[in-house]
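Single-structure report; data block below.
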Ligand SMILES: Nc1ncnc2c1ncn2[C@@H]1O[C@H](COP(=O)(O)OP(=O)(O)OP(=O)(O)O)[C@@H](O)[C@H]1O
Ligand SMILES: [Mg+2]
């Protein structure tokens, strides 16, 4: 319970008090009803006693059967008095007769008692059930809040790190350049390295801003007819340029019938998805080749980004798309990132009527992320 906010403790104490009150209330009411029933029985018995006294002094003997005006009582022959409710002889004149409450009236009293008891125990059980549900909800809230706090803490530390590292890189680069110690033939390489750091910074900031806009629905995607080939070629070319010394890592291939594929997509959303998928493939790809392959299936264009890197267990595939999820073991932990990229990419893909799926043959076997986008003539349903 250490570290729980005061209001949770207050809420838990209130629930306990409610339980105690509920138990007390159920037992108390149940006892009260039993007492009331005993009183009713006693009253009926006393009424039989009074009636026996009165009838015992009458001039004429009363007829056997229910008493007129008091149907809960009946006159019986004294021999019948051995069975059923207690009977009172009609002393002094008719000792062979007796008055007693009818069996039906006694049974009626028992039925009323049983019905009320059922009601009280039913209500008591319902109260306990409701308290149980409230307790479960409270436990869930506490658990969720803790998890959220943990995620926020790790996000803040990852994001700070994300900001700091490229900034430090750019600063030392600028300092070296300002000191004029760089030979002219190395200047271009260093500038590209600086550009890569700036892009990394931009990528992180864009991810954070975008995830906020997507969560609050401020961002609307505008789906238009896009010619995929020039977009992918210019994207790959740009990425190759900033992959200083490793430009051969990135390959773009097409199925023959897809060379002039068109998709219904939002250009900036598509760019953002590509950025995230390729960034991941390079980051978690252990500097091995990354392939972008375009194919077509039914009315969907499939863009698969495949790497030969750290991979993952297939049963974890859906978890990767959860916000702030980052690998907690293996080589993935050493990579920079905030855990937002795939969440954003899948959300954008779905908003354009497409899908984003992850597949891997297992840890160390590389991974494939497949973006499916509808072709322009297909009606978008989401
Ligand atoms: N190509 C991949 N191979 C193996 N694991 C991957 C791959 N892409 C993503 N992952 C796993 O999924 C997690 C979530 O990826 P995501 O892109 O959402 O976040 P990130 O790359 O850690 O940070 P960000 O993209 O926000 O900078 C990663 O931390 C990594 O563990
Ligand atoms: Mg990423």
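The values are calculated or read from the model by the stated rules, or taken from the named source; none is laboratory data. Computed from a predicted structure; not experimentally measured. FYI the Cβ positions are ideal-geometry reconstructions off the backbone, even for glycines, and counts take in every protein chain you see.
Here are 341, 354: which of them is within 25 Å of residue 213 (Cα to Cα), more than 8 Å from ligand 1 (Cβ to nearest atom) and buried (at least 22 other Cβ atoms within 10 Å of the Cβ)?
Selected residue: 354, the only one of 341, 354 that is within 25 Å of residue 213 (Cα to Cα), more than 8 Å from ligand 1 (Cβ to nearest atom) and buried (at least 22 other Cβ atoms within 10 Å of the Cβ).
So which of 146, 140, 117 ends up being part of a helix (DSSP H, G or I) and loosely packed, with under 11 Cβ neighbours inside 10 Å?
Of the residues listed, the single one that is part of a helix (DSSP H, G or I) and loosely packed, with under 11 Cβ neighbours inside 10 Å is 140.
Specify which of the listed residues (79, 73, 109) is on the phi < 0 side of the Ramachandran plot and touching a residue at least 40 places away in the same chain (Cβ under 8 Å).
109
Can you confirm whether segment 254-263 contains a residue that is surrounded by 21 or more Cβ atoms within 10 Å (Cβ to Cβ), under 20 Å from residue 228 (Cβ atoms) and away from ligand 2 (no atom under 16 Å from the Cβ)? Walk me through how you get there before you give the answer.
Looking only at segment 254-263, we keep the residues that are surrounded by 21 or more Cβ atoms within 10 Å (Cβ to Cβ), and these are 261, 263.
Narrowing the set further to residues that are under 20 Å from residue 228 (Cβ atoms) leaves 261, 263.
The next check asks that each one be away from ligand 2 (no atom under 16 Å from the Cβ); those that pass are 261, 263.
Scanning segment 254-263 turns up at least one residue that is surrounded by 21 or more Cβ atoms within 10 Å (Cβ to Cβ), under 20 Å from residue 228 (Cβ atoms) and away from ligand 2 (no atom under 16 Å from the Cβ).
Test residue 260 against the criterion of being farther than 30 Å from residue 212 by Cα, touching a helix residue (DSSP H, G or I) at 6+ places or on another chain (Cβ under 8 Å) and not in a strand (DSSP E or B), and give yes or no.
Taking the combined requirement at face value, the residue satisfies it.
With the structure loaded, tell me whether residue 240 is surrounded by 15 or more Cβ atoms within 10 Å (Cβ to Cβ) and free of Cβ contacts under 8 Å to residues at least 24 places away in the same chain or whether it fails that test. Spell out the reasoning first.
Working: surrounded by 15 or more Cβ atoms within 10 Å (Cβ to Cβ): yes; free of Cβ contacts under 8 Å to residues at least 24 places away in the same chain: yes.
Yes: the conditions hold for residue 240.
If we scan segment 205-214, do we find a residue that is in contact with a strand residue (DSSP E or B) (Cβ under 9 Å, 6 or more places away or on another chain) and either within 16 Å of ligand 1 (Cβ to nearest atom) or not in a helix (DSSP H, G or I) (or both)?
No, there is no match, as no residue in segment 205-214 is in contact with a strand residue (DSSP E or B) (Cβ under 9 Å, 6 or more places away or on another chain) and either within 16 Å of ligand 1 (Cβ to nearest atom) or not in a helix (DSSP H, G or I) (or both).
Go through (1) surrounded by fewer than 13 Cβ atoms within 10 Å (Cβ to Cβ); (2) under 16 Å from residue 279 (Cβ atoms); (3) more than 16 Å from ligand 2 (Cβ to nearest atom) for residue 225 and report which single condition fails.
(2)
Taking segment 318-335, which residues are in contact with a helix residue (DSSP H, G or I) (Cβ under 6 Å, 6 or more places away or on another chain) and either in the same structural domain as residue 164 (by TED's automatic domain parsing) or modelled with pLDDT of 75 or more (or both)?
The answer is 320, 321, 323, 324, 325.
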